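Everything below concerns the one structure shown next.
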Amino acid sequence: MEEFDLPKMTKVLIVEDEPAQMELTKKALVEHGAFQLAFGQNGQEAFRRLNEEVPDLILLDLGLPDCDGLDVCRRLKEEERFRWIPVIMLTGRSTVVDKITGLEVGADDYLTKPCDPGELVARIRAVLRRKQALGPVTDYDKAGLKISADRRQVWVNGTALAMTPKEFDLLLMLVSKRGALVTREEIGQVIWGKSAEESARTLDTHLWRLRSKLGELAERIETVGKNGYRFSD
Ligand code: CA
């Protein structure tokens, strides 16, 4: 597996209205990595910062005073110049995570507050590593399956599917390498940053869920031997 070179200084926009939480996040990023930080305390300020400088990633609080974090995420995905920016949603309650996962607004990952500083940095790196490993992926629209890479949305015969970030990443990886064999080792490294062995059970679960959501289109993901998969148009 090749090494991934992340940019030396990663620009992160932190959108958070609670000063104490903002300090915690800021401290975690300053201590654990090479990050250049920008801040926004509400949705309006977030877009003002975005217009000044486009970050490499956005940490987005779900509950903001002037609007919902979900709305911010939706607005980002509607704008051509922002829609590729990876978003990690930070939420106060774990129950909300399930809900927003179901709603699928195009976030790359979700974390529940208070989050461990090391975990936060690891998630940021993982999201950036996946983006880099997948390369510039284009949208897909063939025979009933439609994928918007930046919006992170999938439609089957015109119906939008609710997918978790990892299910989406898995599908996007297979589709972007369509026609080619994608090994379990590659998938493990790119999606989970783990070996095929370490990621085996998680991969199986995600693949099973992805296939059930795709319904009759699932047959386009073919199992090849014991170690790989191939997506065909
Ligand atoms: Ca908040």
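Met1 meets the conditions (1) away from the ligand (no atom under 13 Å from the Cβ); (2) at pLDDT 95 or above in every case but one. The failed one is (2).
Quick one: in the range 92-111, which of the residues that are modelled with pLDDT of 85 or more and within 16 Å of the ligand (Cβ to nearest atom) is farthest from the chain's Cα centre (by Cα)? So, considering only residues that are modelled with pLDDT of 85 or more and within 16 Å of the ligand (Cβ to nearest atom), the one farthest from the chain's Cα centre (by Cα) is Leu111. Of the numbered criteria (1) assigned to a helix (DSSP H, G or I); (2) open to solvent by 20 Å² or more (accessible area, probe 1.4 Å); (3) over 22 Å from Lys226 (Cβ atoms), the one Phe168 fails is (2).
Among the residues making up the range 188-225, a single one is among the polar types (S, T, N, Q), open to solvent by 50 Å² or more (accessible area, probe 1.4 Å) and not in a helix (DSSP H, G or I): Thr223. Test Ser199 against the stated conditions and say whether it is touching a Phe, Trp or Tyr at 6+ places or on another chain (Cβ under 8 Å), small (Gly, Ala, Ser) and closer than 18 Å to Lys166 by Cα. Yes; evaluated as a whole, the condition is true for this residue. Taking residues in the range 115-126 that are assigned by TED's automatic domain parsing to the domain that holds Asp61, and partners anywhere that are crowded, with 19+ Cβ neighbours inside 10 Å and among the small types (Gly, Ala, Ser), the pairs with Cβ atoms closer than 6 Å and at least 6 places apart or on different chains are Pro117/Ala28; Leu120/Ala28. Number of residues in the range 14-31 that are away from the ligand (no atom under 15 Å from the Cβ) and either in a strand (DSSP E or B) or in contact with a Pro (Cβ under 6 Å, 6 or more places away or on another chain) (or both) equals 1. The sole residue among Gly179, Gly215, Gly188, Gly228 that is in contact with a Leu (Cβ under 9 Å, 6 or more places away or on another chain) and closer than 22 Å to Leu145 by Cα is Gly228.
The values are calculated or read from the model by the stated rules, or taken from the named source; none is laboratory data. Note that the structure is a prediction, hence the values are computed from the model and not measured. A quick note on method: Cβ atoms are made from the backbone with ideal geometry, for glycine too, and the neighbour counts reach across all protein chains shown. What goes into the accessible areas is simple: the full protein's heavy atoms, side chains included, and nothing from ligands, DNA or RNA. Shrake-Rupley method; radii C 1.70, N 1.55, O 1.52, S 1.80 Å.
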